[in-house]
Amino acid sequence: NARSDQFAFCAALYWGLYRKRPFDHRALSSATSSQRKLAMKTPAATRVMIAPGKAEGVNQLSGSALQALLKEPPRVPRLPATIRKALMRGLSMVPEERFPGMDALLAAMDDQDVVQRRRLVLVAAALAVPLLAVAGFAYRQYLHVHYCSGAQERLAGVWDAATQAEMQRGLKASGSPDAADTAAKVHDAIDRYAKDWVAIHGDACRATRVRGEQTEHVLSLRMVCLDRRLKDLKAVVGVLTAADERMVERATDAAQGLAPLKTCADVEALTNQVNMPEDPAARADIEKVGTMLAEVKALHDAGKYKQALSISREALRLAQAARFRPLEAEALYWYGWLQALSLGDAKEAERSLVQAVYAARAGRDDLTSIRASVRLVYVLGGMSSRYDDAHFWEGMIRADLERVGGNQDLESQLLSNVGSVLLLEGRLDEAQKAYERALQLAEKDGPQRATILSNLSVVSLEMKHYDEVIAMAHESLGLIARTRGPDHVSAAYVHETLSRAYWGKKEFKDAHAEIDRALAMYKRSLGPGHRQVSDGMDALAELLCSEGRFAEAVDVARRALELKEKAIGKDHPDVTYSLIGLGLAYLGAGQAAKAVPLFERALHLSLEDPKKQAEASFGLARALWATGDRTRAKELSREALTIYKKRGDAAEAKQISDWLDSAGGSGSKKTARR
């Protein structure tokens, strides 16, 4: 504090003037036993200044004994009485006997005749300047190391030996066969984050208190940001400590998904935000909501979407009552995104995410605005097939990123989502470029890179570049093994893509091995009733159809449809895939009448997704042709042909044209008139 500052100043001035220390540490050896009392309360830093290397001995002396070690200043150079008195008072071993602060000390030293002051300055300049420079440098180094050094203590109860051991026990007690390997990866990731937090916390403090590079206001903003990151860390550790077997699969994602600490050093972004209200009650509510949102993020990253959604709903209510727009924006962001993940409710997700953008812009929180917009690209393009709307938000995000000076992580996420939208549109070349650029921006060995590689391999799959698919898939699996563990659920998606690649190469044995591996991982990680298991079974049924094993395909596809309807409801648009799969299996098995109602349902559910609509239309056309309704069959097949041509799906369009020609449908002429 101010008293320790003046002690250090006076000690340096004493040395600079007299080339001697103000304390005679050699007198320690002659101190009497009565002087060696344990009531000594002098700070460790002061003890080191008095007697380097002898702090232990000094610690055993009472305040009065230490005061006796203070040497009277030498006669030369002679100081005015007022300065000598002020100097000795500043060196008092009892902090309360020093001046209240540096200003008072300097004022006391200045209380003298001008001539005396000039003489002192000249003498001090001649004798002290070189040594004061050395002393000043040493003191600054001391401050750099010891000042602002309390960040490590802030980790107590958050990430210390006890919490680390408790989390390790919790993960290993989950019953997951991968628990030990996951626990090690999680520990390393969180430990790196905690060490970075301590370093950035100390640097933020020193930037204001030691180097004078930033104001107290900026320091306050950075500390608020770092406090939020500490809440995030505590929430993640708490969630993982209570991990179950399924959560273990997402544990590394949760640990590696902690919010970047570099945002707490972005002074421009921090100072641009709306200031927090001064009202203590409002600040208490904001603090509470911040803690809740930290838990929401931790649960989200651990895959506990329903639990996270419940907490986010209450956090949103409190945030709106607090009337602090940046926090309201964050609460709306999480509530909207969790509506998409937990319930598959694209409309509610869109509404909340748009409101999050509005609140973030009102609160001048650029990053939250961009994050919400990036999610909107996925919700609109990936969930609702509203491709034009998705690209509108893409343009807004690009403008915002340019305005804030760019953000590599967010740009990579944007490009990954845009790639997925372009893939669904059938714009494969553009999708490939978007994914490749996202890959360049992604962290070299991070889990995001593995996901982008997985998506990029799907583009190559659509292009029928099967060897490229296999190479990228194996690279993705290698990254997943290093960052998440070889049996992480994200690897299952890659194995499913590999199955389709081997199937395209007519290597059916390998194709079956990969889809069986994917299904086993889905069931073990997500549970046998999860909709993703149904997606894997859809792929298996399609593979069996391609081999002509239609009876087996019917059995698998029927179970897939039943599972999906139970998991997400009979009217969910994603049921379309299972309906089409079972319909195709019945067609192959010569049971067209059973296929018709399945394709009819699929067509009704796919009206907002052109690709699925085309698949359902052509499937229904073939089923109707087989059952005798050939007029409607031709009409539906032409509609499907128009969609495929518009999308640029040449192979699918040729298949329908060939079918129409064989059926006498004159497909090309009819299509031209339409």
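The values are calculated or read from the model by the stated rules, or taken from the named source; none is laboratory data. None of these values were measured; they are calculated from a predicted model. Please note: Cβ atoms are built from the backbone with ideal geometry, for glycine as well, and neighbour counts cover all protein chains shown. Heads up: the accessible areas ignore ligands, DNA and RNA and are worked out on the full protein's heavy atoms, side chains in. Shrake-Rupley method; radii C 1.70, N 1.55, O 1.52, S 1.80 Å.
Take Met102 and Ala2, extend 7 Å from each Cα along the Cα→Cβ direction, and tell me the distance between the two endpoints in nm.
Computed distance between label sites Met102 and Ala2 equals 1.2 nm.
Taking a 1.4 Å probe, which of Tyr14, Tyr502 shows the most accessible area, and what order do the others take after it?
Result, largest first: Tyr502, Tyr14.
What length, rounded to one decimal in nm, is gained on full extension from Ser310 through to Lys71, with 0.36 nm per residue of separation minus their alpha-carbon distance? Display every interim value, and only then the final one.
Working: separation 239, 0.36 × 239 = 86.04 nm, distance 6.86 nm.
Gain on extension, Ser310 to Lys71, equals 79.2 nm.
By a straight-distance test (C-alpha under 16 Å), which aspartates and glutamates pair with Lys612 as possible cross-link partners, with residues fewer than eight away in the same chain excluded?
Answer for Lys612, where 16 Å is the Cα cut-off: Glu425, Glu462, Asp535, Asp538, Glu542, Asp571, Asp574, Glu600, Glu639, Asp649, Glu652, listed by chain and number.
Using a 1.4 Å probe on the protein chains only, how many percent of the accessible area of the chain belongs to carbon and sulfur? Write out the running numbers ahead of the final one.
Numbers: 16790 of 32120 Å².
Percent of accessible area from carbon and sulfur atoms in the chain: 52.
Taking Cα atoms, how many degrees apart are the long axis of helix 610-627 and the longest axis of the chain, rounded to 10 and kept between 0 and 90?
20
Taking K and R as +1 and D and E as -1, what net charge do the other residues with C-beta under 13 Å from the C-beta of Ala2 add up to?
0
Can you list, by residue number, the Cys in the chain that have no neighbouring cysteine C-beta under 4.7 Å?
Lone cysteines by the Cβ rule: Cys10, Cys545.
Taking the mean number of other Cβ atoms within 10 Å as a proxy for protection, how do you rank 627-633, 532-538 from highest to lowest? Present the calculation step by step, with values, prior to reporting the outcome.
Details: 627-633: 14.1, 532-538: 23.9.
Listed from highest to lowest mean packing, they are 532-538, 627-633.
Please work out which option in [x] 1.29; [y] 1.09; [z] 1.34 gives Cα Rg over 2.2 N^0.38 Å calculated from these coordinates, and answer with its label.
Looking at Cα Rg over 2.2 N^0.38 Å for this model, the match is [z].
Roughly how tilted is helix 366-377, in degrees to the nearest 10 and between 0 and 90, from the longest Cα axis of the chain?
10
When ligands, DNA and RNA are left out and all protein chains stay put, how many square angstrom of accessible area per residue does the chain have with a 1.4 Å probe? Let's see the in-between values first.
On the way: 32120 Å² over 674 residues.
Ligands and nucleic acids excluded, the result is 48 Å² per residue.
So for the pair Glu153, Ala651, with labels modelled 7 Å out along Cα→Cβ, what separation do we get in nm?
Reported label-point gap for Glu153 and Ala651 is 6.6 nm.
Add -39500 (n - 2.57) for each DSSP H run of 4 or more in the chain, then divide by its residues: what number comes out at 222 nm, to the nearest 500 deg cm²/dmol? Please report the intermediate quantities before stating the final value.
Numbers: 33 runs with 498 residues, N = 674.
Per the formula, -24000 deg cm²/dmol.
So, with +1 on the Cβ of K and R and -1 on the Cβ of D and E, and no other charges, what is the size of the charge dipole of the chain about its Cα centre, to the nearest 20 debye?
On the way: 95 positive and 87 negative charges, 459 e Å.
Charge dipole of the chain: 2200 debye, to the nearest 20.
I need to check one value: relative contact order of segment 474-556, counting alpha carbon pairs closer than 8 Å and at least 6 residues apart, in percent.
Values: 81 pairs, mean separation 17.7, N = 83.
RCO, segment 474-556: 21 percent.
Cα-Cα over 22 Å: which of Lys304/Lys433; Lys464/Lys509; Lys464/Lys654; Lys509/Lys645; Lys172/Lys234? Walk me through the intermediate numbers first.
Working: Lys304/Lys433 33 Å; Lys464/Lys509 19 Å; Lys464/Lys654 16 Å; Lys509/Lys645 34 Å; Lys172/Lys234 19 Å.
In this structure, Lys304/Lys433; Lys509/Lys645 lie more than 22 Å apart at Cα.
Apply the Debye scattering formula to segment 327-388, with a single equal point scatterer on each alpha-carbon and no solvent, then give log10 I(q)/I(0) at q = 0.14 Å⁻¹.
-0.32
Please find the FRET efficiency linking Lys444 to Arg323, where r is the Cβ-Cβ separation and R0 is fixed at 51 Å, and quote it to the nearest 0.05. Before the final figure, lay out each step's value.
Details: r = 42 Å, r/R0 = 0.83.
After rounding to 0.05, the efficiency reads 0.75.
List the pairs from Lys297/Lys523; Lys444/Lys611; Lys185/Lys523 whose alpha-carbon separation is above 30 Å, in the order I gave them. Don't jump to the answer; show the numbers that get you there.
Numbers: Lys297/Lys523 25 Å; Lys444/Lys611 34 Å; Lys185/Lys523 23 Å.
From Lys297/Lys523; Lys444/Lys611; Lys185/Lys523, over 30 Å: Lys444/Lys611.
Given the convex hull over the Cα atoms of segment 366-490, what projected area results after averaging over all orientations, in nm²?
Directional mean of the projected Cα hull area for segment 366-490 stands at 7.6 nm².
Can you give the accessible area of Arg524, probe radius 1.4 Å, in Å² rounded to 10?
80
Helix 179-209 versus the longest principal axis of the chain: what is the Cα-based angle in degrees, 0 to 90, to the nearest 10?
40
Check the straight Cα-Cα distances from Lys594 and name the aspartates and glutamates below 14 Å, setting aside those fewer than 8 residues away within the same chain.
Qualifying aspartates and glutamates at Cα under 14 Å: Asp555.
For segment 496-615, take every pair of Cα atoms, bin their distances at 10 Å starting from 0, and report each bin as a whole percent.
15, 43, 36, 6
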